[in-house]
Amino acid sequence: MGTEPITTLTLQDGRRRYRVKTDGTPDASGRRRQVVATFDRLAEARAYLARTRSQVATGSYVPKSEQTLAEYVETWLRSRRHAVRPKTIEGYRVGLAPAVRVFGTKRLDQVSKRDVADLIDSMVDAGRAPRTVNLTIGLLRQALNAAVREGLLQRNVAQLVDRMPQPQQEMAAWTA
């Protein structure tokens, strides 16, 4: 395959797989970190290699994370301790509880727009008010924005989901 870092693997049943091994972004200490992925087709392997090299060169490459959403939410809440009051942190924890309950065991980089949309549907089906649903989505957006800034995610999937419309209420005055 020339100078490409793609090796051909022959399985016991005779099928071929293609393994890509290339440099990713260095770890926190500056040590080299390699990325390895295996594909069924050579074209997929080449496309992955080109995409990964391009992302590394532009600084937009995000390595696969083993951290779950629930673990990251706890990390994010701890990081907010010095910025907000303890009662606010508790409110954040309660507001994020539906998301953690529904897909908290998923890896952070595997949470999808579909997961967030399903969360909204399940909250509406459970009779939650639009304001409560929007609170949960807003907090999830904040947490995932922090993950994007930290380089743990490429994009914030919660940003892709629209907030629920809230009915406008007529203001009630005590006196005329």
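The values are calculated or read from the model by the stated rules, or taken from the named source; none is laboratory data. For clarity, every value in this text was computed on a predicted model and none was experimentally measured. All Cβ positions, even for glycine, are placed from backbone atoms using ideal geometry, and neighbour counts span all protein chains on display. Accessible surface areas use protein heavy atoms only, side chains included; no ligands, DNA or RNA. Shrake-Rupley method; radii C 1.70, N 1.55, O 1.52, S 1.80 Å.
Within segment 107-117, can you find the residues that are open to solvent by 60 Å² or more (accessible area, probe 1.4 Å) and modelled with pLDDT of 95 or more?
Matches in segment 107-117: Lys113, Arg114.
So which residues in segment 136-176 are assigned to a helix (DSSP H, G or I) and basic (Lys, Arg)?
Step one: list which residues in segment 136-176 are assigned to a helix (DSSP H, G or I), which gives 136-149, 157-160.
Arg141, Arg149, listed by residue number.
Looking for whichever is touching a helix residue (DSSP H, G or I) at 6+ places or on another chain (Cβ under 9 Å), farther than 15 Å from Val157 by Cβ and not acidic (Asp, Glu) here; the options are Arg93, Arg131. Which one fits?
Working: Arg131 fails: touching a helix residue (DSSP H, G or I) at 6+ places or on another chain (Cβ under 9 Å).
Selected residue: Arg93, the only one of Arg93, Arg131 that is touching a helix residue (DSSP H, G or I) at 6+ places or on another chain (Cβ under 9 Å), farther than 15 Å from Val157 by Cβ and not acidic (Asp, Glu).
Within the set of pairs 6+ apart or on separate chains, which have a first residue in segment 105-128 that is free of Cβ contacts under 8 Å to residues at least 24 places away in the same chain, a second that is open to solvent by 60 Å² or more (accessible area, probe 1.4 Å) and part of a helix (DSSP H, G or I), and C-beta atoms under 6 Å apart?
Close Cβ pairs satisfying both conditions: Leu119/Val102.
Per-residue answers, yes or no, for (1) at pLDDT 90 or above; (2) within 21 Å of the chain's Cα centre (by Cα); (3) at positive phi:
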site: Ala37; (1), (2), (3): no, yes, no
site: Arg41; (1), (2), (3): yes, no, no
site: Glu44; (1), (2), (3): yes, no, no
site: Lys64; (1), (2), (3): no, yes, no
site: Gln67; (1), (2), (3): yes, yes, no
site: Ala83; (1), (2), (3): yes, no, no
site: Lys87; (1), (2), (3): yes, no, no
site: Gly91; (1), (2), (3): yes, no, no
site: Leu96; (1), (2), (3): yes, yes, no
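I want to confirm something. Restricting to segment 32-46 and keeping residues that are under 13 Å from Thr22 (Cβ atoms) and of a type in the set (A, V, I, L, M), which single residue is most open to solvent (accessible area, probe 1.4 Å)?
Once the filter is applied, the top-ranked residue is Val36.
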